[in-house]
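Take a look at the structure below.
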Amino acid sequence: MLHVLYLVGVAAFAASGVLAAFRANMDPFGGLVLAFAASISGGTLRDLILDRRPLYWTHDWVLLTVIICVGVGTMAYLRFRQLPHRSLLVVDAIGLSVVTVIGARAAIEAGATPLAVIILAVLTGVTGEVVRDVLCGEFPPLLLREDVYAIAALAGACCYLLLHHLGVGPTPAAGISAGVVFALRMGAVYLGLHLPRPQQLRPRGGRPDAD
């Protein structure tokens, strides 16, 4: 069941890569490159840190097939249909929510400490988005512009770790934690929520200290 859930997250990130390529006016090859980059970057970084060999996607033909099919299917859809409003944000939130909790599960299975589990889960969730945005020439990436992105992944990772220690099964824990990430991310998108910027924390009438 967890593998199926992971395929859903990978498919969402593959679609987000194609949508980002479409917005950046890339050709179909660029769309496939971004589909793969968004889908496997986070898990690859996680496996490299955990020293897991071989890398998870190098022996999973189902996962690679899903990425290709979703990438091509999304490009075909965009060929005949207009890009839906906020579609990139929605599919990106789905990918973030699922991949984050799968990253937490992988770190737990590798025997990582609780803090390392949280760090690896967040890295697994956000790395694909960073790579995708960099390849699209978006600076800074979404992660550094939207505060409730990594924060949502952090909340989901903590939720999964807590449920694991409470003895909740892997599948329900993953479903609940992914729901937390998705709800926080999309709630922030639709409500326009952000963490306070540094300039918003200054006292009224204050000014930066001069050198």
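The values are calculated or read from the model by the stated rules, or taken from the named source; none is laboratory data. Model, not experiment: these values are computed from the prediction. Note that we place each Cβ from the backbone using ideal geometry, even for glycine, and neighbour counts take in every protein chain shown. Side chains included, ligands, DNA and RNA excluded: accessible areas come from the protein's heavy atoms. Shrake-Rupley method; radii C 1.70, N 1.55, O 1.52, S 1.80 Å.
Scanning segment 1-25 for residues that are in a loop (DSSP other than H, G, I, E, B) and free of Cβ contacts under 8 Å to residues at least 24 places away in the same chain turns up just one, 25. Please find, among 116, 110, the residue that is modelled with pLDDT under 95 and small (Gly, Ala, Ser). One residue alone meets the criteria, 110. The residue pairs whose first member lies in segment 116-143 and is free of Cβ contacts under 8 Å to residues at least 60 places away in the same chain, whose second member is aromatic (Phe, Trp, Tyr), and whose beta carbons are closer than 8 Å, counting only pairs six or more residues apart or on different chains, are 121/160; 142/149; 143/149. Would you call residue 127 more than 17 Å from residue 44 (Cβ to Cβ), open to solvent by 10 Å² or more (accessible area, probe 1.4 Å) and of a type in the set (Ser, Thr, Tyr)? Considered against the rule, which asks whether it is more than 17 Å from residue 44 (Cβ to Cβ), open to solvent by 10 Å² or more (accessible area, probe 1.4 Å) and of a type in the set (Ser, Thr, Tyr), residue 127 comes out as no. Determine if segment 49-65 includes at least one residue that is surrounded by fewer than 19 Cβ atoms within 10 Å (Cβ to Cβ) and in contact (Cβ under 8 Å) with a residue 60 or more places away in the chain. Within segment 49-65, one or more residues are surrounded by fewer than 19 Cβ atoms within 10 Å (Cβ to Cβ) and in contact (Cβ under 8 Å) with a residue 60 or more places away in the chain.
Taking residue 77 as the residue in question, decide whether it is farther than 17 Å from residue 138 by Cβ, aromatic (Phe, Trp, Tyr) and open to solvent by less than 80 Å² (accessible area, probe 1.4 Å). Can you show your working first?
Values: farther than 17 Å from residue 138 by Cβ: yes; aromatic (Phe, Trp, Tyr): yes; open to solvent by less than 80 Å² (accessible area, probe 1.4 Å): no.
No: the conditions fail for residue 77.
Tell me which residues, restricted to segment 66-83, are part of a helix (DSSP H, G or I) and in contact (Cβ under 8 Å) with a residue 40 or more places away in the chain. Spell out the reasoning first.
Here is the first cut: in segment 66-83, the residues part of a helix (DSSP H, G or I) are 66-80.
Within segment 66-83, 66, 67, 70, 71, 72, 74, 75, 78 qualify.
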